[in-house]
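Asks: Got a structure here, written out as structure tokens. Questions coming.
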Amino acid sequence: MKLLEYQAKEVLASFGIAIPPGKVAKTPAEAAAAAREIGPVAVKAQVPVGGRGKAGGIKLARTPEEAEQAAAQIIGMDIKGFKVPLVYCEGALDIAQEIYLGFTVDRDTRANILMLSARGGMDIEAVAEEAPESIAKLYPNPWRGPLAFELRRLVFEAGLGTLAGPLTKVIKQLYRAIPEQDAITAEINPLVVTGAGEVVAGDAKLETDENAAFRHQDLEARYSEVLEGDPYEVEAKKRALTYVSLDGEIGVIGNGAGLCMGTLDLVQRAGSRAANFCDIGGGAKAETVQNALQVILMNPRVKGVLINVFGGITRADEVARGVVEARRNLGMKLPLVVRLSGTNEDEGKRILRENGIEPGDNGWEAAQKIVAMTRS
Amino acid sequence: MSILLDAESKVIVQGITGREGGFHAERMREMGTRLVGGVSPGKGGGTAVGVPVFDTVAEAVIATGATATGIFVPPPFAPDAIMEAADAGIELIVCITEGIAIQDMIRVKDYLKGFPDARLLGPNCPGLLTPGAGKIGIIPAQIATPGSVGLVSRSGTLTYEAMAVLSRAGRGQSTVVGIGGDPVLGLSFSDVVGLFESDPQTTHLVLIGEIGGSDEERAAELLAGSRLKTVAFISGRTAPEGKRMGHAGAIVSGNKGTAKSKVEAFERVGVPVAETTDQIVELLG
């Protein structure tokens, strides 16, 4: 689960990390009230995606009126596919230095990696490329976490030795997100050193592992309802489907993530683009197929649907009957091509044909068929 | 010959009294796998799928001499099951379970450093299959044929797809290995490529990768100058970039992990990259 900035800051604050005073505002009036209480504020769009600053999602407001105006502009704005539901009004900081602090899962070493750099701020990715040595790294032992001397070494390696005391404390506090919240990425960028020498989280990003949600139902219950993204993705989530919206016109259903991704590639190779990624998993049950079709057909951009099911043990005739029934139940009129393989494949194809659904011999042929049908 | 699993391997199933474990243990035995027992805490002393059930892996190893295990237990318990198998001296641990928490797997990987002889395949993988000898996991046996093509893949259904294409074209497989799709995995592409490289039966190799991580890139480096005639396939070429929040991922991976980076890595070492699964056979020569 990707937490919004204000949510991530609440979690960090619960670990003892200092955060600036801030208030959530769902309306411009609430933003004005927040500025009256806090003073000059940064009005920040709350979206679970990076790059909001460059997209105009952060505005400085010196007065309540300015805060009201800024909130009116930002709330409802679209940032990378997310409609901004609310803003976070946060007191301005007296910035003396900006540090980068974060951790993530390094797939190559199959371990957590902690990173610290004196060159924090917006350009950290460029820093990583041009001067990788200026980012100090540590792979903490996952059973016991980082030891004191390892943290000191990290801080000195980053050239931040004068701040060794407060920084090792903040890193230890941030690291708590791993054992306590199953975080897979967390980032404080910038970690601000103020003119008065305090270390404060200027921004915060926190992503927790959905596979570990069973251990953190409190977090889910507290934060999950605010995140509203793409309407089809929201609907698919309610139906427990693995679904991602894309911007093409061919609806795609496949079993298995790899096959499904491969099918998107085939649709593009055939000259069109997929409207979505939808993995219905192993068995391809009739009910799941119907659920998936229903979500895909909600999208008015969809001109045709391609179902690509590779069954090993799955019986193709059963899948075919399920597809036929789902199509009938939904009154679906759009072109539909179904590629089935597995046990009783010929019988499956016969059932499809008898019911006016075009079978495909393999994924590539099926992709070409559906693209041709939507063009005619 | 084959890699990792042959007709001599003695296999147990952890979670054998569960629905999935029982069902697939039966399929494993049907195709000739030497299934010698199962583990299900609290159900020791009974039998399932015609083999004895034990309370612990250690007991199963002592009683049966098992050397390999297939794990079919739910995600909250699977990490412990993997470590239990390693501790009991099992050398090949195949974890089929999908949905294990990443931090749990990171701790498991660290634990396994204490067991250099134990190899973990998965989790969230279809397992492995040596045609004519046996399988651990859920790869459908009826689409496999014995032969000399090694197959290693990150995806389940795409693996089956590739097997079917190969078998239809008369290209049998030496061993089929699904390494799994999770971010934190046991055996990597490089590990499996290395095993195929030293298997005399394997003359050809099909590697099916996907976007994310840089295991494919590293395997490509290993394939430079290999004796294996190899074809790669990368799925997710047209997948959009994920909606990223922070910079941490980019700092770690840089430009690696994209389909483009992977395709280029293979082409650089002379390994052709198929665009459809059917093309795999043509390119294999």
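The values are calculated or read from the model by the stated rules, or taken from the named source; none is laboratory data. Small disclaimer: the values here were computed from a predicted structure and weren't measured. Please note: Cβ atoms are built from the backbone with ideal geometry, for glycine as well, and neighbour counts cover all protein chains shown. Ligands, DNA and RNA are stripped out before the accessible areas are found, and what is left, the full protein with its side chains, is counted by its heavy atoms. Shrake-Rupley method; radii C 1.70, N 1.55, O 1.52, S 1.80 Å.
So that you can scan it fast, the table gives a plain yes or no per residue for (1) in contact with a His (Cβ under 9 Å, 6 or more places away or on another chain); (2) modelled with pLDDT under 95; (3) part of a loop (DSSP other than H, G, I, E, B); (4) more than 21 Å from B:Glu91 (Cβ to Cβ):
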| site | (1), (2), (3), (4) |
| --- | --- |
| B:Leu5 | no, yes, yes, no |
| B:Val11 | no, no, no, no |
| B:Glu20 | no, yes, no, yes |
| B:Arg27 | no, yes, no, yes |
| B:Gly38 | no, no, no, no |
| B:Pro41 | no, no, yes, yes |
| B:Val53 | no, no, no, yes |
| B:Glu59 | no, no, no, no |
| B:Ala66 | no, no, yes, no |
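Asks: Of the residues A:Pro142, A:Pro179, A:Pro166, which single one is of a type outside the set (D, E, K, R) and in a loop (DSSP other than H, G, I, E, B)? I'd like the intermediate steps shown before the answer.
Replies: Numbers: A:Pro179 fails: in a loop (DSSP other than H, G, I, E, B); A:Pro166 fails: in a loop (DSSP other than H, G, I, E, B).
On inspection, the qualifying residue turns out to be A:Pro142.
Asks: Let me ask you something else. Testing A:Lys238 on (1) within 11 Å of chain B (Cβ to nearest Cβ); (2) surrounded by fewer than 22 Cβ atoms within 10 Å (Cβ to Cβ), one condition comes back false. Which one is that?
Replies: It fails just one condition, (1).
Asks: Please work out if A:Ala72 is over 30 Å from A:Arg144 (Cβ atoms) and small (Gly, Ala, Ser).
Replies: yes
Asks: Moving on. For segment B:195-207, how many residues are open to solvent by 10 Å² or more (accessible area, probe 1.4 Å) and assigned to a loop (DSSP other than H, G, I, E, B)?
Replies: 4
Asks: Within segment B:77-117, how many residues are within 25 Å of B:Arg27 (Cβ to Cβ), open to solvent by 50 Å² or more (accessible area, probe 1.4 Å) and within 10 Å of chain A (Cβ to nearest Cβ)?
Replies: So the answer is 1.
Asks: Output yes when any residue across segment A:190-198 is in contact with a helix residue (DSSP H, G or I) (Cβ under 6 Å, 6 or more places away or on another chain), touching a residue at least 12 places away in the same chain (Cβ under 8 Å) and buried (at least 17 other Cβ atoms within 10 Å of the Cβ), and no when none is.
Replies: Among the residues of segment A:190-198, not one is in contact with a helix residue (DSSP H, G or I) (Cβ under 6 Å, 6 or more places away or on another chain), touching a residue at least 12 places away in the same chain (Cβ under 8 Å) and buried (at least 17 other Cβ atoms within 10 Å of the Cβ), which makes the answer no.
Asks: So is A:Ala33 surrounded by fewer than 21 Cβ atoms within 10 Å (Cβ to Cβ), at pLDDT below 90 and away from chain B (no Cβ under 14 Å) or not? Steps first, please.
Replies: Details: surrounded by fewer than 21 Cβ atoms within 10 Å (Cβ to Cβ): yes; at pLDDT below 90: no; away from chain B (no Cβ under 14 Å): yes.
In short, no.
Asks: Please find, among B:Ala48, B:Ala88, B:Ala68, the residue that is of a type in the set (A, V, I, L, M, F, W, C) and under 27 Å from B:Val152 (Cα atoms). I'd like the intermediate steps shown before the answer.
Replies: On the way: B:Ala48 fails: under 27 Å from B:Val152 (Cα atoms); B:Ala88 fails: under 27 Å from B:Val152 (Cα atoms).
The conditions single out B:Ala68.
Asks: Which residue pairs have Cβ atoms under 6 Å apart, sit 6 or more places apart or on different chains, and have a first residue in segment A:93-107 that is at the interface with another protein chain (Cβ under 7 Å from one of its Cβ atoms) and a second that is modelled with pLDDT under 95 and assigned to a loop (DSSP other than H, G, I, E, B)?
Replies: Qualifying pairs under 6 Å: A:Val105/B:Pro183; A:Arg107/B:Pro183; A:Arg107/B:Gly213.
Asks: I'd like to verify a number: residues in segment A:302-332 that are over 11 Å from A:Val289 (Cβ atoms) and touching a helix residue (DSSP H, G or I) at 6+ places or on another chain (Cβ under 9 Å), how many?
Replies: 13
Asks: Within segment B:129-173, can you find the residues that are under 22 Å from B:Gly99 (Cβ atoms), assigned to a loop (DSSP other than H, G, I, E, B) and in contact with a Pro (Cβ under 7 Å, 6 or more places away or on another chain)?
Replies: Passing the criteria: B:Ile138, B:Ile139.
Asks: I would also like to ask the following. Which ones in segment A:283-319 are at pLDDT 90 or above and among the β-branched types (Val, Ile, Thr)?
Replies: If the condition is that a residue be at pLDDT 90 or above and among the β-branched types (Val, Ile, Thr), then A:Val295, A:Ile296, A:Val302, A:Val305, A:Ile307 are the ones that fit.
Asks: Okay, moving on. How many of the residues making up segment A:257-271 are more than 7 Å from chain B (Cβ to nearest Cβ) and either crowded, with 24+ Cβ neighbours inside 10 Å or within 19 Å of A:Ala236 (Cβ to Cβ) (or both)?
Replies: Of the residues in that region, 3 qualify.
Asks: Please go through segment B:136-173 and pick out each residue that is within 28 Å of B:Gly37 (Cβ to Cβ), aliphatic (A, V, I, L, M) and open to solvent by 10 Å² or more (accessible area, probe 1.4 Å).
Replies: B:Ile138, B:Ala141, B:Ile143, B:Ala144, listed by residue number.
Asks: Please go through segment B:120-144 and pick out each residue that is out of contact with any strand residue (DSSP E or B) (no Cβ under 7 Å at 6 or more places or on another chain) and either small (Gly, Ala, Ser) or more than 9 Å from chain A (Cβ to nearest Cβ) (or both).
Replies: Passing the criteria: B:Asn124, B:Ala133.
Asks: Of all residues in segment B:211-232, how many are closer than 27 Å to A:Ser272 by Cβ, open to solvent by less than 40 Å² (accessible area, probe 1.4 Å) and at the interface with chain A (Cβ under 8 Å from one of its Cβ atoms)?
Replies: Within segment B:211-232, residues that are closer than 27 Å to A:Ser272 by Cβ, open to solvent by less than 40 Å² (accessible area, probe 1.4 Å) and at the interface with chain A (Cβ under 8 Å from one of its Cβ atoms) number 1.
Asks: Report yes if some residue within segment A:82-100 is farther than 23 Å from A:Lys54 by Cα and outside the structural domain of A:Val244 (by TED's automatic domain parsing); otherwise report no.
Replies: No, there is no match, as no residue in segment A:82-100 is farther than 23 Å from A:Lys54 by Cα and outside the structural domain of A:Val244 (by TED's automatic domain parsing).
Asks: Please count how many residues of segment A:186-212 are more than 9 Å from every other protein chain (Cβ to nearest Cβ), of a type outside the set (D, E, K, R) and either within 18 Å of the chain's Cα centre (by Cα) or not in a strand (DSSP E or B) (or both).
Replies: 7
Asks: To continue, here is another question. Are there any strands (runs of 3 or more DSSP E) wholly within segment A:49-126 with 2 or more residues that are among the charged types (D, E, K, R), crowded, with 16+ Cβ neighbours inside 10 Å and over 24 Å from the mean Cα position of the chain (by Cα), and if so which?
Replies: Filter on segment A:49-126 gives an empty set.
Asks: Inside segment B:174-194, can you point out the residues that are open to solvent by less than 10 Å² (accessible area, probe 1.4 Å) and either assigned to a helix (DSSP H, G or I) or away from every other protein chain (no Cβ under 13 Å) (or both)?
Replies: B:Ser174, B:Thr175, B:Val177, B:Phe189, B:Val192, B:Val193
Asks: Return yes when B:Arg19 is open to solvent by 20 Å² or more (accessible area, probe 1.4 Å), without any contact (Cβ under 8 Å) to a residue 12 or more places away in the chain and within 14 Å of chain A (Cβ to nearest Cβ) and no when it is not.
Replies: On the way: open to solvent by 20 Å² or more (accessible area, probe 1.4 Å): yes; without any contact (Cβ under 8 Å) to a residue 12 or more places away in the chain: yes; within 14 Å of chain A (Cβ to nearest Cβ): yes.
It is true that B:Arg19 is open to solvent by 20 Å² or more (accessible area, probe 1.4 Å), without any contact (Cβ under 8 Å) to a residue 12 or more places away in the chain and within 14 Å of chain A (Cβ to nearest Cβ).
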